[in-house]
Structure formats: structure tokens, C-alpha cells
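Q: Below you will find the structure I want to go over with you.
Rule-based calculations on the coordinates, nothing more; no lab input. Here the structure is a predicted model, which is why all the values come from computation and not from measurement. Quick reminder, even Gly has a Cβ in these numbers, built from the backbone with ideal geometry, and neighbours come from all protein chains shown.
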């Protein structure tokens, strides 16, 4: 299991480093102990956070309600709680790296 994934009773916590304002939304590899995700939305009025939740939900095949930012809402370094199995997160997100 990767260091950026932590299984919990409620699902899995994922350490994410986001880069808002990118040319497209995509997984961009690793950034320290976090998975780096580029988000097209700008960090204005929660748009980047909303786009991050949408991106993760879409790529993991879960609803938006299954994805919640639990730490770092106003930071590039975030912890996201996802109601899904840890091995699914690693396989699906890392499989999106371009």
C-alpha cells in the first residue's frame, strides 16, 4: 500500500497535492507523500475543491457524496476521505497517470 493512502473505518484517506488552473484535469504523478492532481478550475470560491471532488468521484466510479475533503480545504495539500476500498483508489488513480 502506498504512503499516500490510509485505510480508515469510513473508507480511505488520500493525501493529495493539487495544482489548480492547469490546462486540463489529470493525475500528474507524485509530490512527496501525496498524489499530484492537476485541476483545470481556478482556486476561486471553492471551484478547485469542487472540481477535485468531481474528478476523484468520476475516476473512481463513486458519487460526489462519497468524496469529502477532510483537511486542507484552503491549501494545495489536502486529505480527501473516499468511501471506497484502498486498492481501488491506488489502481484507478495511478492508472490515470499520463
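Q: Quick one: 8, 79, fewest Cβ neighbours within 10 Å first, how do they rank?
A: In increasing order of surrounding Cβ atoms, one gets 8, 79.
Q: Have a look at 13, 26, 45 and tell me which one the Gaussian network model of the chain (Cα, springs below 10 Å) gives the largest fluctuation.
A: Maximum fluctuation in the GNM of the chain, among the listed residues, is at 45.
Q: Just rank 6, 74, fewest to most, by other beta-carbon atoms within 10 angstrom.
A: Working: 6 14, 74 9.
Ascending Cβ contact count within 10 Å gives the list 74, 6.
Q: If you don't mind, there's one more thing I want to ask. Please compute the contact order of the stretch 37-98 in relative form: average sequence separation of alpha-carbon pairs under 8 Å and at least six residues apart, divided by the residue count, as a percent. Let's see the in-between values first.
A: On the way: 53 pairs, mean separation 13.8, N = 62.
About 22 percent, as a whole number.
Q: Here's a follow-up. Looking at the chain, what % of its DSSP beta bridges pair antiparallel, to the nearest 5? Intermediate values should be presented prior to the final figure.
A: Working: 18 of 23 bridges.
Antiparallel: roughly 80 percent of the beta bridges in the chain.
Q: Hey, another quick one. Against the longest principal axis of the chain, how steep is helix 47-60, in degrees 0 to 90 to the nearest 10, with axes from Cα atoms?
A: Once rounded, the angle reads 40 degrees.
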